[in-house]
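Here's the structure we're looking at; comments come further down.
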Amino acid sequence: MALDYTIIGERLKKARLDKNLTQEQLAEQIDVSIAFLSRVERGSSHINLKRLTQICNILGISEGVILNGASEDSKDYLNADFKEILEKASPEKQKLIYKIAEIIVNED
């Protein structure tokens, strides 16, 4: 699954606005230029994991929400990931994954 930096940027911008921070305020807190932060929010510059973690900590949001749009607090946040894995697996591997999951779920 390739990262869509445009969507990541949109999520970062929304989270920043939800915290009532300007680009200037956030850029200052993470020690980057306003221009760089603007490019990240537009998806024209890539952001590394270290910088993403810094931003997420300031904004009080998880990296998972920014990267895949789902909160770990959500009951079904892994559904799309599991679906993607299953679609890539052969029918035999799908059966194996199912059996393993069934054992785990039914474990006391």
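Taken as a whole, the condition of being surrounded by 16 or more Cβ atoms within 10 Å (Cβ to Cβ) and at pLDDT below 95 does not apply to Ala27.
Considering Leu67, Leu3, the condition of being in contact (Cβ under 8 Å) with a residue 40 or more places away in the chain and assigned to a loop (DSSP other than H, G, I, E, B) is satisfied by Leu3 alone.
Residue-by-condition table, conditions (1) modelled with pLDDT of 80 or more; (2) within 15 Å of the chain's Cα centre (by Cα); (3) over 21 Å from Lys13 (Cα atoms); (4) of a type outside the set (A, V, I, L, M):
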{"residue": "Gly60", "(1), (2), (3), (4)": "yes, yes, no, yes"}
{"residue": "Gly69", "(1), (2), (3), (4)": "no, yes, no, yes"}
{"residue": "Lys75", "(1), (2), (3), (4)": "no, no, yes, yes"}
{"residue": "Phe82", "(1), (2), (3), (4)": "no, no, yes, yes"}
{"residue": "Ala89", "(1), (2), (3), (4)": "yes, no, yes, no"}
{"residue": "Lys95", "(1), (2), (3), (4)": "yes, no, yes, yes"}
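Restrict the check to segment 2-9 and report whether at least one residue is surrounded by fewer than 16 Cβ atoms within 10 Å (Cβ to Cβ) and either of a type in the set (Ser, Thr, Tyr) or modelled with pLDDT of 95 or more (or both). The answer is yes; a qualifying residue exists.
The values are calculated or read from the model by the stated rules, or taken from the named source; none is laboratory data. The shown structure was predicted, so the numbers you read here are calculated from the model rather than taken from an experiment. Every residue, glycine among them, receives a Cβ derived from its backbone with ideal geometry; neighbour counts consider all protein chains shown.
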